[in-house]
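Following: one structure in structure tokens, then a few remarks.
Any read-out appearing in this document is the output of simple, stated calculations on the displayed coordinates, not a laboratory observation. Fair warning: this is a prediction, and the values are worked out from it, not measured in the lab. Positions of Cβ are backbone-derived with ideal geometry, glycine not excepted, and every protein chain shown enters the neighbour counts.
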Amino acid sequence: MTLKKNILALRQKKAIVEKGGGDKAIEKQVAMGKMTARERILTLLDEKSFHEYDLFVEHEERNFGMEGKELAGDGVITGTGSINGNPICIYAQDFTVMGGSLGLKHARKITKIMDHALKMKVPCIGINDSGGARIQEGIGALAGYGEIFYRNTMASGVIPQISVILGPCAGGAVYSPALTDFVFVVENISKMFITGPNVIETVLGEKISQEDLGGARVHAEITGNAHFYALSELECLEQIKELISLIPHSNQQKAQKVEPKEPKFHKNIENIIPADPKQPYDVRDIINALVDDSKFLEVHELWAANIVIGFGRMNGETIGFVANQPMYLAGVLDCDASDKAARFIRFCDAFNIPIVTLEDMPGYLPGVDQEHAGVIRHGAKVLYAYSEATVPKITVILRKAYGGGYIAMNSRHLGADFMLAWPGAEIAVMGPEGAANIIFRKEIMEAEDEDAMRQQKVQEYIEKFANPYVAASKGYIDAVIEPSETRGLLLHALELSQNKDDYRPAKKHGVPPF
Amino acid sequence: MQIDKQELVDFAVTARKYKTLLTNKYMNRKTWSNPSPYEIQSYIPGTILDIFVKEGEVVNEGAPLLILEAMKMQNRIEMPFTARISKINVEVGIKVPKDCLMIELESIE
């Protein structure tokens, strides 16, 4: 009888805490167009898979009227569960409990579930919806943030870490998402900044709204802090499910293999690319023609659109794609595109995901703003990331591969395992017009008809050098292939690289140009 | 990300011009211009605490022009070379953004 009584008491106790901040606060949360923390977890995870930890944890602050103040779960829900059968650890800040503010116990619940994820080698997902540090707790809140950042760093490259911004995430709090692998934001709901609009206005006199300063779109398109952008919370949770099914549980595993499927795309792949190298096309059409079921999950779709990165499957196995996008800025590498590609390459390398590079690029972006923004330092990250990566690395040169860009985009010289080129590929030190102007400067200047001579010399250069055969004659390209053979050869190359072993000199860690 | 919304433009990377779309970030970038030594600009956003000079006055190199308070620091802005103050665009107490043209100079020769 007593046990039954105890069980009932437990149920009652749980029911109270599970209410979070109570009906009124929940009403407010809903009025803001947001789901509650518990709803978010239950919607994201497989049915009945969520197991909560530390439901009864309480804060210990005694100052500033905090004594005797009860905060359900100290404002954060933590636990384990699964997404499409993949085990994960998760925490969700509960904005209905004192604005989701972070105190020491709140942070310790988070670090406990992070430690658990790292030990069990499963991905960790954090849902952020918090007003920031709990000021009453002072240094305790700061300690809490620091302990989270430390674990983000320890777990980096060991387990995938995902941050979901479903509310405000300001001040120090922003640095946990920034340290994780993928950040998800939702239009009108996500807000991220170091100092908010009020402080900026008081100190600097600059007036700006929260949305314009650090809204979802800003981080998805301008800053590049966010990797995935959604119009609603439900769409965002679906994106997370898709991503989780494509990446491995840890660096000791490979991503889950699924039943291979042929691409849905049936047109001739060579018709996608215009013959004129000056005309653009959407490189994602090429990716869709190559991947299983023509399914491609693009990362950073809006930011630095001149390079495309993302995951697709080939022969059922997850592949990371890096592709120049001629549709935007002619597909050049600039500061942002370099950062975008380099970090993605390092993620793929850390988590055993082979990299396929599709190259069609005219070089690095010229301009004072680029040079002064440090395009040298940023561009170097791409070279570093490709050279350092030991996963299978395959490059297909679709059309242009000029100069520094040719080297950077996973060339043979940086350790590519397979180098393939389409027959229209132009692999050269620069575009024919520029090269002819330099090499034949004298002839052109001395000619009676300069333009005619220039045209003749450009044509000469195109015939001699703007093709894949010079590179192929030196063995820098393994094979010049017909476009229709591309998928078949990629499948073969991936099959052959299953047991790839590549050694690097022993070191504590490298010093990449961060 | 709709392709048909924008028009393809000519975009020169080297000698060759490519047809492509521009990103918003690229279109909104600041084009660089050579800074004029006759323009005293704020190198950091802040508040004008004090102004020591008047329009029309000739001021020697190194003399203080104004105090720009930013990030709790009082920065003394000095005359870069001897010249005449032709225009003062700020007053005591106002907040200025970064790169605000505060004082214009003219040569005394």
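Structure data summary
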read-out	value
Per-residue average of Cβ from other chains inside 10 Å of B:29-40	1
Relative contact order %, the stretch B:39-106, counting alpha carbon pairs below 8 Å whose residues are six or more apart	44 percent
³J(HN,Hα) computed for each position of the stretch A:53-67 - Karplus, 6.51 cos²θ - 1.76 cosθ + 1.60, integer Hz, glycine/proline x	10, 6, 4, 9, 5, 10, 6, 10, 6, 10, 8, 6, x, 7, 5
Cβ-defined net charge surrounding A:ILE269, 9 Å radius [Lys, Arg +1; Asp, Glu -1]	0
Fraction of antiparallel bridges per DSSP, the stretch A:2-246 only, in percent to nearest 5	40 percent
Prolate/oblate/rounded label for the stretch A:213-290 (Cα gyration tensor, a/c 1.5)	oblate
Ranked by how many other beta carbons lie within 10 Å on average, peptides A:252-264, A:494-506 from highest	A:252-264, A:494-506
Calculated FRET value between A:ALA275 and A:SER473, using beta carbons and R₀ = 25 Å, to 0.05	0.60
Per DSSP, loop GluC sites (Glu not before Pro) in the stretch A:205-248 with at most 14 further Cβ within 10 Å	A:GLU206
Filtered GluC sites (Glu not before Pro), the stretch B:13-79: DSSP coil and at most 16 other beta carbons within 10 Å	B:GLU55, B:GLU57, B:GLU61
Peptide ranges A:4-15, A:389-400 listed from the most packed, as the mean C-beta count within 10 angstrom indicates	A:389-400, A:4-15
Share antiparallel - DSSP beta bridges, the protein assembly as shown, percent rounded to 5	55 percent
Cα→Cβ-extended label distance, 7 Å offset, between A:GLU58 and A:THR223, nm	3.7 nm
Amide hydrogen neighbours beyond the local backbone of A:TYR281, cut-off 5 Å, H modeled	A:MET327
Efficiency of FRET from Cβ geometry, B:ALA63 and A:LYS267, R₀ 60 Å, rounded to 0.05	0.25
Three-way shape call for the protein assembly as shown based on the alpha-carbon gyration tensor, with the a/c threshold at 1.5	oblate
Residue list for the stretch A:260-284, given a label point 7 angstrom along the Cα-to-Cβ vector of B:VAL9 and an amide N cut-off under 13 Å	none
For residues of A:432-438, the mean tally of beta carbons on other chains within 10 Å	3
Cα gyration tensor shape for the stretch A:360-453, rounded if a/c is under 1.5, else prolate or oblate	oblate
Residue-averaged 222 nm ellipticity for chain A, from DSSP H runs of 4+ at -39500 (n - 2.57), nearest 500	-11000 deg cm²/dmol
Between the stretch A:226-295 and the stretch A:477-497, the Cα center-to-center distance that results, in Å	18 Å
Karplus 3J(HN,Hα) series, Hz, for the stretch A:87-98 with 6.51 cos²θ - 1.76 cosθ + 1.60 (x for Gly, Pro)	x, 8, 10, 8, 9, 9, 6, 9, 5, 6, 9, 6
Pairs from A:LYS278/B:LYS25; A:LYS121/A:LYS508; A:LYS69/A:LYS119; A:LYS109/A:LYS508; A:LYS119/A:LYS261 whose Cα-Cα separation, in the structure shown, is over 24 Å	A:LYS69/A:LYS119; A:LYS109/A:LYS508; A:LYS119/A:LYS261
Loop GluC sites (Glu not before Pro), the stretch A:37-69, which have at most 15 other Cβ atoms in a 10 Å radius of their Cβ (DSSP)	A:GLU47, A:GLU58, A:GLU60, A:GLU67
Test item: A:328-337 mean partner chain Cβ contacts at 10 Å	4
The stretch A:484-507 residues near the modelled A:ASN315 label - backbone nitrogen below 19 Å, point 7 Å along Cα→Cβ	A:484-502
Two-site FRET efficiency, B:VAL53 against A:GLU450, from Cβ-Cβ distance with R₀ of 56 Å, rounded to 0.05	0.50
